[in-house]
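Here's the structure, in structure tokens; my notes come after.
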């Protein structure tokens, strides 16, 4: 994937320089700005996902063992929430504090 992206950038730079007559400084600034914006977007996506996971864990940790078991088996919940509840149940079983 990274190699394909690199090839696309190189071809785009070549076309911008040869066909449109853009200078190397402007092309370099554009590539750097694109890299910066892509990196910033990726980190913001990761932060939002972490916040959602933390909120889900906090919400599930407040449930009793029986509620957690029902939550894990309720197919109206999203697959991520059910798998989080299942992992939490397994952790409780390993600790000896969960339903057996």
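Taken together, the values in this text are just the output of simple stated rules run on the coordinates, not laboratory data. This is a predicted model, so every value here is computed, not measured. No Cβ is skipped: glycine too gets one built from the backbone with ideal geometry, and neighbour counts run over all protein chains shown.
If you filter the stretch 71-100 down to residues that are exposed (fewer than 13 other Cβ atoms within 10 Å of the Cβ) and in a helix (DSSP H, G or I), you find that the one that is nearest to the chain's Cα centre (by Cα) is 80. Summed over the stretch 21-69, residues that are touching a helix residue (DSSP H, G or I) at 6+ places or on another chain (Cβ under 7 Å) and not in a helix (DSSP H, G or I) total 2.
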